[in-house]
1. Do the conditions hold for V66, that is, is it open to solvent by less than 70 Å² (accessible area, probe 1.4 Å), among the aliphatic types (A, V, I, L, M) and within 18 Å of S16 (Cα to Cα)?
2. Does region 20-31 include one or more residues that are surrounded by 15 or more Cβ atoms within 10 Å (Cβ to Cβ), touching a residue at least 60 places away in the same chain (Cβ under 8 Å), in a helix (DSSP H, G or I) and among the aromatic types (F, W, Y)?
3. Of these, T121, T84, T59, which one is under 18 Å from K158 (Cβ atoms) and either open to solvent by 30 Å² or more (accessible area, probe 1.4 Å) or among the β-branched types (V, I, T) (or both)?
4. Pairs, please: C-beta under 8 Å, at least 6 apart or cross-chain, first residue small (G, A, S) and in region 129-155, second modelled with pLDDT under 95 and open to solvent by less than 60 Å² (accessible area, probe 1.4 Å)?
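The values are calculated or read from the model by the stated rules, or taken from the named source; none is laboratory data. Since we're looking at a predicted model, the values are computed, not measured. Cβ coordinates were reconstructed from backbone atoms using ideal geometry, including for glycine residues, and neighbour counts include every protein chain displayed. Protein only, heavy atoms only, side chains kept; ligands, DNA and RNA dropped before computing areas. Shrake-Rupley method; radii C 1.70, N 1.55, O 1.52, S 1.80 Å.
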Amino acid sequence: MVSSSPPSRYALSFTSGTLLANEAAVLAPVYLRERDWKVTRALAQTENLFGTRVARSNTRTLGELVPRLQLLSDDELEIVAGGTSTERGHLMWTAACRKYTFIGEFAEEVLRERFLTLAGTVSYEDYDSFYRAKAMWHDELDGVTASSYQKLRQVLFKMLVEAGLLTKQGHIESALLSSRVAACLDQRTPSDIRFFPTRVA
């Protein structure tokens, strides 16, 4: 009898920041110049590149942003640094999906699936159903407090709105990926286009 290994635990620390696209636009050029994340992080703190009043807030933002940016290729970081706000939003959504398996699976199994089946919307109820289904295999989801549960849901939906993939009313917005963003996403197998509401394969 072959025993199947349990699924890896979901990381659920994304409540400390939403999409962070504006902050990424500031930090990505610094990294592309320095080519060192440790130096980049230090410069962001000493020069207060995000203009925060509280040092702790700056540290928290960097703690969430840097690990996401590290999951983007140099070509993707170049687009984050110099591309359009739409391209930046799409790539930062991709970074969140890569960093957090929970978000990536929601993007593929709920957002994209509902788009492809012409459902047209994604609601809190859809999220709740998704969460309950995942909790059957992930004990860590059962341990989340009611307030944290609401925060996770709120932040995820805010990310979707900031990425231009969902309206505030919950209507799915078809993702019009630029050719260079699509080319970057297609470098992965399976393609990271799966995180988006689009009919492009």
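1. Considered against the rule, which asks whether it is open to solvent by less than 70 Å² (accessible area, probe 1.4 Å), among the aliphatic types (A, V, I, L, M) and within 18 Å of S16 (Cα to Cα), V66 comes out as yes.
2. no
3. On inspection, the qualifying residue turns out to be T121.
4. Listed pairs, sorted by first residue: S148/L12; S148/T15.
Conditions tested, residue by residue: (1) among the charged types (D, E, K, R); (2) modelled with pLDDT of 90 or more; (3) out of contact with any Phe, Trp or Tyr (no Cβ under 8 Å at 6 or more places or on another chain); (4) within 28 Å of K151 (Cβ to Cβ).
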{"site": "L20", "(1), (2), (3), (4)": "no, yes, yes, yes"}
{"site": "W37", "(1), (2), (3), (4)": "no, yes, no, yes"}
{"site": "R53", "(1), (2), (3), (4)": "yes, no, yes, yes"}
{"site": "L65", "(1), (2), (3), (4)": "no, yes, yes, yes"}
{"site": "D75", "(1), (2), (3), (4)": "yes, yes, yes, no"}
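To keep it simple, each residue is scored yes or no on (1) surrounded by fewer than 15 Cβ atoms within 10 Å (Cβ to Cβ); (2) in contact with a strand residue (DSSP E or B) (Cβ under 9 Å, 6 or more places away or on another chain); (3) modelled with pLDDT of 95 or more.
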position: K151; (1), (2), (3): no, no, yes
position: V155; (1), (2), (3): no, no, yes
position: L160; (1), (2), (3): no, yes, yes
position: G164; (1), (2), (3): no, no, yes
position: L176; (1), (2), (3): yes, no, yes
position: S179; (1), (2), (3): yes, no, yes
position: R194; (1), (2), (3): no, no, yes
position: V200; (1), (2), (3): yes, no, no
